[in-house]
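Taken together, the values in this text are just the output of simple stated rules run on the coordinates, not laboratory data. Here the structure is a predicted model, which is why all the values come from computation and not from measurement. We place every Cβ from the backbone using ideal geometry, glycine too, and count neighbours over all the protein chains shown.
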């Protein structure tokens with residue numbers, strides 16, 4: 001076996017897609033069963049992602065899920081798409097490489113708040129400003145779960161954890177305004193108690209051309225006694241229900257800072273006027289996906305390179 | 001060496017424009033078919049400090065920047081004060097007498113002052129002294145003026161006729177002044193009639209990547225590796241190579257891994273500090289079985305170290321990069337030609353064996369500039385992408401729709417499929433996993449499967465070794481001394497062998513290029529026949545000596561080590577050999593040129 005070029009092209013047009021056999025959520029079942037704790041919010045995110053892929057009529061080989069490390073980062077093993085379960089904090093860097101090497105794939109990065117906003121914080125900011133065409137779903141449970149309950153970058157001030165027994169004295173990061181300010185072109189927040197709503201946010205993110213962040217409240221039922229399902233059920237409201245205009249920067253930032261008796265979920269901010277990185281990259285202007293191009297350079301080009309040295 | 005062997009040094013402060021006359025001179029020489037070897041001793045400063053560029057030329061290949069200087073061009077007083085003492089009988093020292101006071105020259109050394117005010121009274125700016133000195137130097141070397149005129153005309157053409165005329169005029173004034181006042185070198189530089197190319201190691205590494213079919217290159221700037229990024233950035237669009245400057249080296253290597261997994265050949269380069277940040281991901285590439293190539297251009301460490309100085313200090317970092325055992329290939333090019341040629345070879349190996357590859361270059365090789373036979377830059381290289389599944393074929397049926405990405409095979413190689421290939425959907429993981437990619441690290445760890453998967457990966461190294469040529473001994477088999485080196489020191493060791501022969505000491509050289517996997521048996525056979533072995537390394541602790549001992553049990557009879565940031569000069573090795581022959585175990589030379 002030594003054939004080099006993957007031949008599969010994602011179907012281009014909606015007509016082509018619709019002509020193919022339809023997949024169901026069952027077809028997207030991964031090889032492994034999730035080992036999350038019973039009641040974990042991450043089940044909701046997994047189900048919503050599968051539902052979004054089915055509704056967008058994407059095929060498993062057209063999607064790549066890329067994660068870091070943590071409970072939520074196990075997700076690629078639980079879904080039947082191409083997947084990469086990489087290192088702690090590095091999902092966005094790896095996902096960017098995938099998205100640039102084959103910009104015809106749908107790339108979905110997944111992970112947790114510690115993975116994305118803590119150890120991977122630098123990649124978070126820079127992937128956003130590059131407007132890499134990918135969808136980043138952060139299962140935000142405001143706690144380090146897999147390491148058995150330590151404070152996370154989004155843990156609320158005062159939270160008592162194993163590493164902050166007297167309560168955290170640090171301010172949490174608020175990913176929504178950070179993402180908007182860094183230049184993200186699609187910024188949303190979901191909640192696993194609102195699956196249908198989350199499906200629509202994910203579909204919006206995947207179809208958005210550019211970097212899409214979907215921060216998702218995904219309560220940890222084992223280690224976070226503060227931010228529980230009851231906590232979010234009582235507080236969350238949908239931005240769409242309040243007539244929020246996601247093209248209004250001021251309103252988006254104002255909503256992003258609301259945290260208390262009421263907490264907004266939904267699409268905060270979206271702009272379609274900025275091209276994504278692959279659209280701006282000169283090397284991708286023609287010739288298709290890098291990964292499908294033949295190797296080697298022409299003798300004429302090679303001669304020119306040597307001539308420069310003479 | 002050949003009939004002519006001439007070394008020119010240009011010294012001054014950063015910002016005085018030393019590179020330009022150095023490059024013009026080198027281009028003139030290689031066009032005459034002369035070989036050159038350029039070493040630039042510089043500092044981590046943009047303006048000021050001291051820069052000392054040595055250019056050595058000959059009609060035969062130049063193995064190192066040599067031991068002595070024939071011509072010193074002083075662009076400031078500091079250069080005169082520091083280096084006049086290096087100039088012996090028959091040498092010449094060019095300097096602007098308006099500003100620079102000469103010291104006391106050695107007997108037979110020719111002080112050659114010129115007056116910028118006198119030769120170019122109406123020209124503004126300090127760079128004019130460079131042009132005068134360059135022209136005067138060429139006159140001393142017996143190079144006809146027309147060649148310099150042609151180069152200056154081409155260089156300043158875009159700035160208009162007046163600028164061209166002014167520069168050519170100034171150059172002619174310097175050239176005529178030298179003809180009238182100085183004694184030229186006894187042998188004019190010949191023209192061999194076979195023009196050579198002029199290239200630095202970083203450019204050769206980058207061009208090797210282009211030849212290998214690299215389609216994705218990313219980096220974070222770090223001296224002395226940045227030249228690779230610059231070449232890639234300035235040629236990427238033309239060659240269809242995507243080039244990204246990434247936020248940090250963690251991002252660099254992980255982005256390259258993502259691109260490589262998706263099906264492109266991906267490469268990155270850094271120096272030791274950046275490499276340190278990449279190490280966890282190199283292990284990840286091995287665990288996920290993704291081929292990626294990383295170049296570490298070594299500089300003097302540890303930590304920030306001496307950013308503009310050379311060292312072979314990262315061998316153990318490369319050997320131990322990342323946690324756990326994993327298959328990796330490490331190669332250290334030993335010449336400018338190998339900087340180009342190892343890259344496609346390494347890509348073929350990492351593609352076939354699906355593991356990371358590390359190239360250990362260093363400042364001496366990467367920022368050194370050399371003549372090269374243009375035929376050595378052969379882009380028509382063999383490409384082997386290894387076992388890759390395409391959905392074009394009937395392979396899906398062979399697997400009955402059930403594809404095991406990490407199928408256990410005798411070779412350890414499992415055919416891979418790029419994302420986007422229909423019918424081969426799978427997940428790769430940095431956690432330990434079973435043949436189908438499912439983790440065996442979390443819910444039910446399985447020691448038997450873990451062992452089998454670990455062995456499958458590590459088994460690939462046997463296949464790599466079988467594809468590598470064993471290292472060979474250079475020079476007379478029955479020599480009194482076998483000099484053992486690795487990587488960039490080949491040239492200087494082989495020149496030292498010539499000098500030793502002139503003193504009646506026969507020596508040969510074992511220069512190791514492929515470090516991991518290591519042809520330990522072949523090296524042991526060479527050691528077994530050697531009369532006395534001496535290891536030559538540009539580091540403190542003898543990193544290769546320790547590695548060789550750990551792999552083979554072989555212990556050398558003596559060691560020559562240098563860790564002051566400057567590269568070996570041939571006489572350092574000659575002196576070291578003589579010391580070892582009378583019983584010294586470890587010789588450390590003192591570098592004489594203080595920059």
(request) At a temperature of 10 °C and a viscosity of 1.306 mPa s, determine how fast segment B:447-497 diffuses translationally according to Stokes-Einstein, using the Kirkwood radius over alpha-carbon pairs as Rh; express D in µm²/s, rounded to the nearest whole number. (result) 109 µm²/s
(request) Arrange the following residues from fewest to most other Cβ atoms within 10 Å of their Cβ: B:131, B:183, A:110. (result) B:183, B:131, A:110
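Once the Cα gyration tensor of segment B:127-271 is found, what semi-axes does its equivalent ellipsoid get, as square roots of 5 times the eigenvalues, in whole Å, sorted largest first?
Working: eigenvalues 388, 56, 40 Å².
Result for segment B:127-271: semi-axes of 44, 17, 14 Å.
Per residue of A:101-108, what is the mean number of Cβ atoms on other protein chains within 10 angstrom of that residue's Cβ?
Details: counts 16, 7, 1, 1, 4, 0, 3, 0.
Partner Cβ neighbours, averaged per residue: 4.
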(request) Name the residue, out of A:111, A:120, A:30, whose mean-square fluctuation peaks in a Gaussian network model built on chain A with Cα pairs under 10 Å. (result) A:30
(message) Under a crude label model (7 Å from the Cα following the beta-carbon direction), how far is residue B:316 from residue B:192 in nanometres?
(response) 4.1 nm
(message) Restricting to DSSP H runs of at least four residues, report the calculated mean residue ellipticity at 222 nm for the protein assembly as shown, -39500 (n - 2.57) per run over all residues, nearest 500 deg cm²/dmol.
(response) -10500 deg cm²/dmol
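Give the Kirkwood hydrodynamic radius (Å, one decimal) of segment B:274-333, defined as one over the mean of 1/r across all pairs of different Cα atoms. Mind showing how you got there, number by number?
On the way: mean 1/r = 0.0811 Å⁻¹.
When all Cα pairs of segment B:274-333 are included, the Kirkwood radius is 12.3 Å.
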(message) Run the simple label-point estimate for residue A:163 and residue A:248 please: 7 Å along Cα→C-beta, distance reported in nm.
(response) 3.9 nm
(request) Project the alpha carbons of segment B:295-378 onto their principal axes and report the range along each, largest first, in whole Å. (result) 42, 37, 13
(request) Let me see the pair-distance distribution of chain A: every alpha carbon pair, 20 Å bin width, integer percents in order. (result) 32, 54, 12, 1
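Quick check on segment B:87-168: take the gyration tensor over C-alpha atoms, sort the square-rooted eigenvalues as a ≥ b ≥ c, and tell me if it's rounded (a/c under 1.5), prolate or oblate.
On the way: a/c = 3.56, a/b = 1.68, b/c = 2.12.
Here segment B:87-168 falls in the oblate category.
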(request) Decide, for segment B:198-265, between rounded, prolate and oblate: order the square roots of the alpha carbon gyration tensor eigenvalues as a ≥ b ≥ c, take rounded if a/c falls under 1.5, and otherwise choose prolate if a/b is larger than b/c, else oblate. (result) oblate
(request) May I ask you to derive the relative contact order of segment A:183-310, considering only C-alpha pairs under 8 Å and at least 6 residues apart, and to give it as an integer percent? (result) 27 percent
(message) Compute the angle between helix B:201-212 and the longest alpha-carbon principal axis of chain B, please, reported from 0 to 90 degrees and rounded to the nearest 10.
(response) 40 degrees
(request) Would you tell me the mean number of C-beta atoms belonging to other protein chains that fall within 10 Å of each C-beta in A:287-296, as a whole number? (result) 6
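What's the exposure ranking of B:148, A:239, going from fewest to most Cβ atoms within 10 Å? Let's see the in-between values first.
On the way: B:148 25, A:239 20.
Fewest-to-most ranking of B:148, A:239: A:239, B:148.
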(request) Relative to the longest principal axis of the C-alpha atoms of chain B, give the angle of the C-alpha long axis of helix B:145-156, reported between 0 and 90° and rounded to the nearest 10°. (result) 60 degrees
(message) For a quick check: sort B:235, A:229 by the number of other beta carbons within 10 angstrom, fewest at the front.
(response) A:229, B:235
(request) Kindly state, to the nearest 0.05, the FRET efficiency for residue B:449 paired with residue B:422, given R0 = 45 Å and r defined as their beta-carbon distance. (result) 0.95
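May I ask what percent, to the nearest 5, of DSSP beta bridges between residues of chain A are antiparallel? Walk me through the numbers on the way to the answer.
Values: 7 of 36 bridges.
Just about 20 percent of them are antiparallel.
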(message) Pick from A:295, A:75, A:201 the residue whose mean-square fluctuation is largest in a GNM of chain A, springs joining Cα atoms under 10 Å.
(response) A:295
(message) With the cut-off at 1.5 for a/c, could you classify chain B from its C-alpha gyration tensor as rounded, prolate or oblate?
(response) prolate
(message) Can you give the Rg/Rh ratio of segment A:58-208, where Rg is from the C-alpha atoms and Rh is the Kirkwood radius?
(response) 0.97
(request) Report the residue, chosen from A:76, A:275, A:175, that carries the largest GNM mean-square fluctuation when chain A is represented by alpha-carbon nodes joined by springs under 10 Å. (result) A:275
(request) Based on alpha-carbon positions alone, could you give the equivalent ellipsoid semi-axes of the protein assembly as shown from the gyration tensor, as √(5λ), descending, whole Å? (result) 57, 32, 25
(request) Sticking with the crude label model, points 7 Å out along Cα→Cβ, report the distance from residue B:499 to residue A:279 in nm, one decimal please. (result) 6.3 nm
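Please work out how much length the chain gains when fully extended from residue B:521 to residue B:20, using 0.36 nm per residue of separation minus the C-alpha to C-alpha distance, in nm with one decimal.
Values: separation 501, 0.36 × 501 = 180.36 nm, distance 4.80 nm.
Length difference between fully extended and current span is 175.6 nm.
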(request) Please give the helix B:520-529 orientation as an angle from the longest Cα principal axis of chain B, in degrees from 0 to 90, rounded to the nearest 10. (result) 50 degrees
